[in-house]
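Okay, so here's the structure we're looking at.
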Amino acid sequence: MANFTPLSAAIGGALIGLAAALLMLSTGRIAGISGIVGGLIGWNVPDRDWRIAFIVGLILVPISGSLVGYAVADPQMPASWAVTVIAGLLVGFGTRLGGGCTSGHGICGVARLSPRSLTATAVFMVVAIIVVALTRHVLGG
Amino acid sequence: MLMLAGLICGFVFGWGLLISGMMQPAKVLAFLDIFGAWDPSLLVVMAAALAVGSAGYAIARPRTPLFAARNLWPEKATIDAPLVIGAALFGVGWGLTGLCPGPAIENLATLSPRLIVFVAAMISGMALHHLWQRRREAAQQAILAANADG
């Protein structure tokens, strides 16, 4: 557990919870990123403006972070382009089919003790843990 | 006002991801790697987010939101196959990369080419689901119409 960073994790987590609470108090919406992004797909989408504004707010963070001396490292990505594309497709299709991701189900839904979100969160956590175990320890990636 | 609220909430949410280290896929994978050098940080992130989020929702529940007519709580309650299959597919993609939609979108600011390809694939996956669902709904309506005729 050499890389465990409980303090920054708790502060960051509290901010994520605060953002979810503020979005409900101000707009009455659930802060689920896959829903916010996926809701922009199609013709005549309802409430397009606040969705785009939320995404802009998200993308402004690393830019403002670098301005105040909070360095943002490039994300470490898989070595293979094929894995990158397949994983992206799975994350996009899966979150829309399942109606949420780590934020919508994992935080907003679990905070409401929604049985659907508790189920989804358990499923994607266990599946992801198995995938990492297979790729890192069985296949020796 | 709805837009301003969206912008501020996205910004606060993004700072949460940045400070907690969850923007970095390697740190997320270290949490998922329970048989390796396990990093439980993501668990603390979730616990803190749930503590603040559920308190906030308790305040929000009886109120009308500031800039909207009412709170749009999800109404679906049944645990069905799409929920479980969708969560499993997402879990595979998450486990392969350590990326979920929030950090993926936020990382666009780094202009990392591989990350941009991931987000393009993710949005394509969402669009595929949108098309697939529309076709399915059209097929169901055709069946209903045929039954009504017969």
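Structural remarks
- The GluC sites (Glu not before Pro) of the range B:54-142 that meet both conditions, a loop assignment by DSSP and at most 16 other Cβ atoms within 10 Å of the site Cβ, are B:E75.
- Shielding by partners, peptide A:33-45 (average Cβ within 10 angstrom, other chains): 5
- All C-alpha pair distances within chain B, sorted into 10 Å bins from zero, spread as 8, 24, 33, 23, 8, 3, 0 percent across the bins.
- Residue order, fewest to most beta carbons within 10 Å, for B:R134, A:R112: B:R134, A:R112
- Averaging the Cα positions of each part gives two centres, and for the range A:22-77 and the range B:23-95 these lie 15 Å apart.
- Cβ-Cβ FRET estimate between A:L118 and B:W38, R0 fixed at 25 Å, reported to 0.05: 0.65
- Debye intensity ratio I(q)/I(0), log10, the protein assembly as shown, q values 0.08, 0.10, 0.15 Å⁻¹ (C-alpha model): -0.32, -0.50, -1.14
- For the range B:2-77, Kirkwood radius (reciprocal of mean inverse C-alpha pair distance, Å): 14.9
- Stretching the chain fully between B:T64 and B:A81 yields a gain of 2.8 nm (0.36 nm per residue, less the alpha carbon separation).
- Shielding by partners for peptide B:141-147, expressed as the average number of C-beta atoms from other protein chains within 10 Å of each residue's C-beta, is 0.
- Along chain A, the longest continuous region that contains none of the chymotrypsin sites (Phe, Trp or Tyr not before Pro) in a DSSP loop with at most 13 other C-beta atoms within 10 Å is A:71-141.
- In plain terms, the residue of A:H137, B:H129 with the fewest other Cβ atoms within 10 Å comes first and the most crowded comes last, giving A:H137, B:H129.
- All Cα-Cα distances of the range A:46-141, cut into 5 Å bins from zero to the largest, leave 3, 10, 12, 16, 19, 19, 14, 6, 1, 0 percent in each bin in turn.
Rule-based calculations on the coordinates, nothing more; no lab input. All of these numbers come straight from a predicted model, not from anything done at the bench. All Cβ positions, glycine included, derive from the backbone under ideal geometry; neighbour counts span all protein chains shown.
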